[in-house]
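Single-structure report; data block below.
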Amino acid sequence: MNRKLRMGMVGGGPGGFIGEIHRKAANLTGEIELVCGAFSSSPQKSQEMGKLLFLDPKRVYASYEEMIKTESTLPRGERMDFVSIVTPNYLHYPVAKLALEHGFPVVSDKPLTIKYNEAKELKELAEAKALPFAVTYVYSGYPMAREARKRILRGDLGKIKRIIVSYVQGGLARPRKRKIWRLEPEKGGIAGSIGDIGTHAEHIARYFTGLKIGELYADLRISAKGRKIYDDGDILVHFENGVMGVITLSQIASGEENNLTISVYGEKGGLIWKQQEPNSLIVKWNNAPTQIIRTGRNAPELEREALKAAFLPMGHPEGFIEAFTNIYRGFACRLKKIIFKENIDCNELDYPDIQDGVLGMAFVEAALKSSEEHRWVSPGEL
């Protein structure tokens with residue numbers, strides 16, 4: 001590898017939150033540089049953002065269509081290597097589709113799309129083009145999430161019996177005076193909280209345990225008068241192998257910040273991870289004292305997967321941006337194998353891929369269908 005990977009970005013204009021997170025995370029890999037972007041639907045705002053990022057004005061585009069089409073005509077030694085999509089949800093599909101059609105790998109913020117059939121179409125296209133595609137389910141990028149996954153899949157807890165995921169926020173507890181796209185069904189999707197935080201909950205349960213959802217029964221609610229998207233709900237889940245579970249989702253939990261907690265219980269013991277205290281993993285046993293496992297790249301008891309994901313020594317906090325970075329690191333590793341023909345091992349640098357995005361949308365569609373029809377629904381029947 002004699003240069004950095006070149007990233008183009010769609011979205012992430014002035015005042016945006018998630019675009020800045022993606023840029024910092026990609027930069028933290030040390031292997032990726034931002035070379036172009038279409039940062040806003042406003043050409044003026046896009047140029048403004050490009051100036052703040054010290055980009056060549058000629059490579060700051062007025063639209064994502066212009067960016068993708070123009071970059072595809074540049075020599076391979078100059079064009080962007082992949083596209084990062086940090087737009088409102090409804091644009092994920094058209095931007096990703098155009099990027100794949102022009103031969104560009106993709107990193108997309110979640111959810112993959114706002115419609116299940118669009119997600120399936122993107123998966124078919126990515127596979128036909130043999131292009132890497134990452135979906136940033138960020139919580140799988142934390143070191144202790146990877147530690148938990150390794151221990152569970154190895155069988156440390158014994159046969160899994162129950163999975164409980166609770167993801168509650170308070171951001172929508174009161175009516176919003178300012179218009180935001182997440183509350184518009186045509187932009188954020190009618191699923192609302194189910195697509196926004198529910199896909200995270202589904203993914204982290206599957207990531208920890210390796211178990212897919214067999215069927216679910218959802219009770220979804222719209223709490224505020226005049227609101228058009230779901231903001232609260234409980235979902236009973238039957239995972240594979242007869243494992244029982246429940247997923248609680250809410251963005252109207254007054255006073256909560258970003259409280260994601262997953263608990264996995266097996267025959268021998270249980271395991272708990274809390275996103276708001278991400279450096280600790282709690283392990284409980286039937287016949288032994290509870291353990292608190294702490295992260296750090298010098299932690300002697302951690303598995304290699306967790307050590308690979310840790311940036312700092314024990315006792316030094318790290319979190320959200322570093323977790324995003326680990327997803328970009330995994331994606332970059334596979335991209336380097338393709339572009340630079342490097343003989344490198346990427347097995348310990350995993351990332352959520354297009355299949356994870358599709359399964360997330362299958363979960364959303366099944367939850368909507370179940371809640372509307374008051375019955376158990378299998379994501380596999382969609």
Region 120-163, residues that are part of a helix (DSSP H, G or I) and in contact with a Gly (Cβ under 6 Å, 6 or more places away or on another chain): Leu153
Test: residue in region 366-382 that is of a type in the set (Asp, Glu), surrounded by 15 or more Cβ atoms within 10 Å (Cβ to Cβ), over 12 Å from Glu202 (Cα atoms) and not assigned by TED's automatic domain parsing to the domain that holds Lys115: no
Filter pass, Ile282 being modelled with pLDDT of 95 or more, buried (at least 16 other Cβ atoms within 10 Å of the Cβ) and assigned to a strand (DSSP E or B): yes
Residue that is surrounded by the most Cβ atoms within 10 Å (Cβ to Cβ), among those in region 245-263 that are polar (S, T, N, Q) and part of a strand (DSSP E or B): Ser250
First in region 16-39 and closer than 16 Å to Ala323 by Cα, second anywhere and of a type in the set (S, T, N, Q) and crowded, with 19+ Cβ neighbours inside 10 Å, Cβ under 6 Å, 6 or more apart: His22/Ser84; Ala25/Thr325; Leu28/Thr325; Thr29/Thr325
Which numbered condition Pro111 fails, given (1) surrounded by 18 or more Cβ atoms within 10 Å (Cβ to Cβ); (2) over 16 Å from the mean Cα position of the chain (by Cα); (3) part of a loop (DSSP other than H, G, I, E, B); (4) not assigned by TED's automatic domain parsing to the domain that holds Ile197: (2)
Which listed residue, of Arg176, Arg182, Arg227, is part of a loop (DSSP other than H, G, I, E, B), more than 26 Å from Glu305 (Cβ to Cβ), in contact (Cβ under 8 Å) with a residue 12 or more places away in the chain and charged (D, E, K, R): Arg227
Those residues of region 303-338 which are surrounded by 17 or more Cβ atoms within 10 Å (Cβ to Cβ), among the aliphatic types (A, V, I, L, M) and either at pLDDT below 95 or part of a helix (DSSP H, G or I) (or both), in sequence order: Ala306, Leu307, Ala309, Ile321, Ala323, Ile327, Ala332, Leu335
Selection count, region 146-183, where residues are surrounded by fewer than 16 Cβ atoms within 10 Å (Cβ to Cβ) and farther than 30 Å from Glu303 by Cβ: 8
Residues that are touching a Leu at 6+ places or on another chain (Cβ under 9 Å), assigned to a loop (DSSP other than H, G, I, E, B) and farther than 22 Å from Leu183 by Cβ, drawn from region 202-224: Gly210, Lys212
Scope region 79-106; condition within 19 Å of Lys120 (Cα to Cα), hydrophobic (A, V, I, L, M, F, W, C), over 19 Å from the mean Cα position of the chain (by Cα) and not in a helix (DSSP H, G or I); matching residues: Phe104
Criterion violated by Val107 - all others in (1) farther than 23 Å from Leu368 by Cβ; (2) in contact (Cβ under 8 Å) with a residue 40 or more places away in the chain; (3) of a type in the set (A, V, I, L, M); (4) in contact with a Gly (Cβ under 9 Å, 6 or more places away or on another chain) satisfied: (4)
Residue that is surrounded by the most Cβ atoms within 10 Å (Cβ to Cβ) [pool: residues in region 7-39 that are assigned to a helix (DSSP H, G or I) and among the β-branched types (Val, Ile, Thr)]: Ile21
Unmet requirement for Arg76, which otherwise passes all of (1) in a loop (DSSP other than H, G, I, E, B); (2) touching a helix residue (DSSP H, G or I) at 6+ places or on another chain (Cβ under 6 Å): (2)
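The values are calculated or read from the model by the stated rules, or taken from the named source; none is laboratory data. Note that the coordinates shown come from a computational prediction; the quantities given were computed from them, not determined experimentally. Heads up, the Cβs are rebuilt from the backbone with ideal geometry, glycines too, and the neighbour counts pull from every protein chain shown.
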